[in-house]
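The values are calculated or read from the model by the stated rules, or taken from the named source; none is laboratory data. Here the structure is a predicted model, which is why all the values come from computation and not from measurement. Methodologically, a virtual Cβ is constructed for each residue, glycine included, from the backbone with ideal geometry; neighbour enumeration extends over all protein chains shown.
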Amino acid sequence: MTAPVRILIVGGGYVGMYVALRLQRKLRRGEARITVVNIDSYMTYQPFLPEAAAGNVEARHVVVPLRRVLHKCEILNGWVAGVDPVARTADLCLHEGPGRTLEYDILVFAPGSISRTLPIPGLAGSGIGFKSVEEAIHLRDHVLGQLDLAESTTDRAVRAKALSFVFVGAGYAGVEALAELEDMARDVCRYYPTVDPGDMRWLLVEASDRILPEVGPEMGRWTLEQLRGRGIDVRLGTRLNSAVDGHIVLDDGTEFDADTLVWTAGVKPNPLVHVSGLPLDEKSRVKASADLVVEGFPDVFTAGDCAAVPDLTKPGEMCAPNAQNAVRQARTLADNVVATLRGRVRRPYRHAYAGSVATLGLHKGVAQIYGRKIRGLPAWFMHRTYHLSRVPTVNKKVRVLTDWTLGLFFKREIVSLGAISDPRQEFELAIRTESRVPSSR
Ligand SMILES: Cc1cc2nc3c(=O)[nH]c(=O)nc-3n(C[C@H](O)[C@H](O)[C@H](O)COP(=O)(O)OP(=O)(O)OC[C@H]3O[C@@H](n4cnc5c(N)ncnc54)[C@H](O)[C@@H]3O)c2cc1C
């Protein structure tokens, strides 16, 4: 009897999880052993992060526990620190204790992307990204915490800084995150008698001359008008020069203090690509052919944000890094792994961009689907129905739908659980006071 083929999947995000799901369904018992390595124990449905940040969806409902859905796979939580595609090994580091070397016969390389940052003074100390559920939870608590602070302080400078929110980068992550959070903050202002929505400063800084390119120029302009109509200050053709200690300096000369700086200026391939031994293009993406095989390594497959996959619908261009491509590539990739194992012909990935839907806050949205331009409530409804149909597992669909339904009847939660990032604070206080106060015994 031949030993099962060892399939190693690096990354349990869109590509990794969907590939594993399809492989565990398609492969025969004993045909292969699938191992998925992911930093966290869950996959994040990123398009729902803005709604999670705004409290319209419970944060735990936008993540999928890998162990529950990938019951025929081995799940390892840790991170791959390097790959040797010649020796067919990957180095696994664990969150604690010694790591180990994993051997494979077939590698699926899908560690995705990270935020693309610039060496701007103060950015590392003051900024936060918007790619993970932890960041979304933090931002929600942080914005509510700033409103609490503004209501409680009598210091004008502290108040102005607390009520200033700066977002850099106007792709869908930046626009959706800002629009949803502003909508939430405006909505909850009624519980803060001294904070008028007009007291808040929401600023979106974009280096190019347009926003939301994903929905096309016309709908991008419409979105710009909508945001400006809500009092959001959108600066096009503008860059952040520095943000030292929260002091924001733009290249148009504007200067002010802000306690909130969200960096959403695009993504770049995960740095793991540089220690993967795989061929990279000029944008550091792993070079793949249309059948999602890495150039020069017939036993390594790749897809998603870290990969340069030719877009067969636009000769000469590469597929854009988005969920639309990631999910569909995952399907083709899994089928090609099965084809390779069974000696069949692999098929190329081909998908024409369908367009995009974006949420701009409760009952507000924008979309361009197959050339059809949709605005306002219908676009928002479309955003919700589309993503509800896409979020993995029936369990999560029901939970998200329940959150939305409850949101129709009850007001949203306005509690900032800021201490969640430092839960030992209270206990440490107890220890400190205990050592100062003489024992009563
Ligand atoms: C806020 C936001 C909203 C978005 N909205 C949309 C949208 O509306 N429509 C759309 O099409 N796209 C959207 N996207 C983009 C979409 O989510 C990504 O294109 C998609 O997630 C890419 O899939 P991926 O599998 O390549 O990467 P990911 O889904 O990011 O998965 C990568 C996985 O690899 C893991 N990993 C990283 N390094 C290692 C390592 N060294 N070892 C082990 N594991 C590792 C990560 O933890 C992660 O789980 C959005 C993105 C964001 C941030």
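Residues in region 55-102 that are more than 18 Å from V273 (Cα to Cα) and part of a strand (DSSP E or B): V63, V64, P65, E74, I75, L76, N77, R100. Can we say I374 is touching a strand residue (DSSP E or B) at 6+ places or on another chain (Cβ under 9 Å) and surrounded by 16 or more Cβ atoms within 10 Å (Cβ to Cβ)? Yes. Only residues that are among the β-branched types (V, I, T) and not in a loop (DSSP other than H, G, I, E, B) were counted across region 103-127, and they come to 3. Just one of the numbered conditions (1) buried (at least 21 other Cβ atoms within 10 Å of the Cβ); (2) of a type outside the set (D, E); (3) in a strand (DSSP E or B) is not true of L49: (3). Checking each residue in region 306-334 for being assigned to a helix (DSSP H, G or I), surrounded by 20 or more Cβ atoms within 10 Å (Cβ to Cβ) and out of contact with any Pro (no Cβ under 7 Å at 6 or more places or on another chain) picks out N325, A326, Q329, A330, T332, L333, A334.
Scanning region 85-116 for residues that are over 27 Å from V293 (Cβ atoms) and aliphatic (A, V, I, L, M) yields one hit, L94. Scanning region 254-305 for residues that are within 18 Å of N322 (Cβ to Cβ), buried (at least 20 other Cβ atoms within 10 Å of the Cβ) and charged (D, E, K, R) yields R285, D305.
Assess whether L70 counts as being away from the ligand (no atom under 14 Å from the Cβ) and either of a type in the set (D, E, K, R) or out of contact with any Pro (no Cβ under 9 Å at 6 or more places or on another chain) (or both). In short, no. In region 289-303, the residues that are free of Cβ contacts under 8 Å to residues at least 60 places away in the same chain form Cβ pairs under 8 Å with partners that are within 15 Å of the ligand (Cβ to nearest atom) and assigned to a loop (DSSP other than H, G, I, E, B), at six or more places apart or across chains, as follows: D291/Y349; L292/A303; L292/V309; L292/Y349.
Condition test on H387, is it touching a Lys or Arg at 6+ places or on another chain (Cβ under 6 Å), in contact (Cβ under 8 Å) with a residue 24 or more places away in the chain, outside the structural domain of L181 (by the TED database) and farther than 30 Å from P4 by Cα? No, not satisfied. Residues that are touching a helix residue (DSSP H, G or I) at 6+ places or on another chain (Cβ under 8 Å) and farther than 18 Å from T264 by Cβ within region 185-229 comprise R186, V188, C189, Y192, P193, T194, V195, D196, P197, D199, M200, listed in sequence order. Scanning region 403-423 turns up at least one residue that is touching an Asp or Glu at 6+ places or on another chain (Cβ under 6 Å) and outside any helix (DSSP H, G or I). For region 174-185, indicate whether the set of residues that are assigned to a loop (DSSP other than H, G, I, E, B) and either within 15 Å of the ligand (Cβ to nearest atom) or not charged (D, E, K, R) (or both) is non-empty. Scanning region 174-185 turns up no residue that is assigned to a loop (DSSP other than H, G, I, E, B) and either within 15 Å of the ligand (Cβ to nearest atom) or not charged (D, E, K, R) (or both). With the structure loaded, tell me whether L8 is within 12 Å of the ligand (Cβ to nearest atom), assigned to a strand (DSSP E or B) and surrounded by 19 or more Cβ atoms within 10 Å (Cβ to Cβ) or whether it fails that test. Yes, satisfied. I'd like to check something: does region 348-361 contain any residue that is surrounded by fewer than 13 Cβ atoms within 10 Å (Cβ to Cβ), of a type in the set (S, T, Y) and not assigned by the TED database to the domain that holds V293? For region 348-361, residues surrounded by fewer than 13 Cβ atoms within 10 Å (Cβ to Cβ), of a type in the set (S, T, Y) and not assigned by the TED database to the domain that holds V293: absent.
Whenever a residue of region 121-133 is over 19 Å from L204 (Cα atoms), its partners that are part of a strand (DSSP E or B) and within 16 Å of the ligand (Cβ to nearest atom), lying with C-beta atoms within less than 9 angstrom and at least six residues away or across chains, give the pairs S132/T44; V133/Y42; V133/T44; V133/V63. What are the residues in region 132-168 that are out of contact with any strand residue (DSSP E or B) (no Cβ under 8 Å at 6 or more places or on another chain) and outside any helix (DSSP H, G or I), if any? T153, T154, D155 - these are the residues of region 132-168 that are out of contact with any strand residue (DSSP E or B) (no Cβ under 8 Å at 6 or more places or on another chain) and outside any helix (DSSP H, G or I).
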